[in-house]
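Below is one structure; the comments refer to it alone.
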Amino acid sequence: MTSNPVLAELAHEPGVLSWRGGRYLLIRPETLAAVQRAVETTLGDAAAECFAAGGRAGGGRAASHLAGTPAERVERLIAMGSAIGWGEFSLDALTADRLAITVRRSPFAEAYGASSHPVCHVTRGVLEALTETVFGTRWPARETACLATGAGVCRFEAVRPPGR
Ligand SMILES: [Zn+2]
């Protein structure tokens, strides 16, 4: 086990966990996977964007607290993702118009189980929020490979929209 900078600073008072003033909760990935499957049953393909919207909401708050250059802010957010158990994040590429990230052991994919399509929409939404906070415009992200579809890892790519 390696030291975890988030756990070291996690504050606890009865009924409340927080990190640097922002509230967190521990939740089993199976809970989220069950919600996701239920929403998919109701909404079909539209469910994916609902979960991405959730990721954007939480990711936007997390990214807004990051300081430094764009590269430093991206590195800090993906380190945060690893520290809070969203999988093992690594940065594959960051250029003026493209961000590529690999996530090993995504809890969303592991809990969801086998799927014909990528399932880590919450993570995708977080990365979209990160680009919006760091670059001033939201770069649409895609999950180009997912553990749930049989890939060994999940891969995400966000690309700056033309002319933005
Ligand atoms: Zn995935």
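The values are calculated or read from the model by the stated rules, or taken from the named source; none is laboratory data. Please read these numbers as outputs of a predicted model, since none were measured by experiment. Positions of Cβ are backbone-derived with ideal geometry, glycine not excepted, and every protein chain shown enters the neighbour counts.
Scanning region 57-106 for residues that are surrounded by 17 or more Cβ atoms within 10 Å (Cβ to Cβ), among the aliphatic types (A, V, I, L, M) and assigned to a helix (DSSP H, G or I) yields ALA62, ALA63, VAL74, LEU77, ILE78, MET80, ALA83.
The single condition among (1) within 25 Å of ALA34 (Cα to Cα); (2) free of Cβ contacts under 8 Å to residues at least 24 places away in the same chain; (3) under 12 Å from the mean Cα position of the chain (by Cα) that ALA151 does not satisfy is (3).
Applying the criterion of being within 13 Å of the ligand (Cβ to nearest atom) and over 11 Å from the mean Cα position of the chain (by Cα) to the residues of region 117-140, the residue that is surrounded by the most Cβ atoms within 10 Å (Cβ to Cβ) is VAL119. Among the residues making up region 20-41, those that are part of a helix (DSSP H, G or I) and either in contact with a Cys (Cβ under 6 Å, 6 or more places away or on another chain) or surrounded by 10 or more Cβ atoms within 10 Å (Cβ to Cβ) (or both) are PRO29, GLU30, THR31, LEU32, ALA33, ALA34, VAL35, GLN36, ARG37, ALA38, VAL39, GLU40.
Let's see how each residue does on (1) among the acidic types (Asp, Glu); (2) modelled with pLDDT under 95; (3) out of contact with any strand residue (DSSP E or B) (no Cβ under 7 Å at 6 or more places or on another chain):
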{"residue": "LEU77", "(1), (2), (3)": "no, yes, yes"}
{"residue": "LEU94", "(1), (2), (3)": "no, no, yes"}
{"residue": "HIS121", "(1), (2), (3)": "no, no, yes"}
{"residue": "GLY125", "(1), (2), (3)": "no, no, yes"}
{"residue": "VAL134", "(1), (2), (3)": "no, yes, yes"}
{"residue": "PRO140", "(1), (2), (3)": "no, no, no"}
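Among residues of region 19-44 that are among the acidic types (Asp, Glu), none has a Cβ under 7 angstrom from a residue that is at pLDDT below 95 at a sequence gap of 6+ or on a separate chain.
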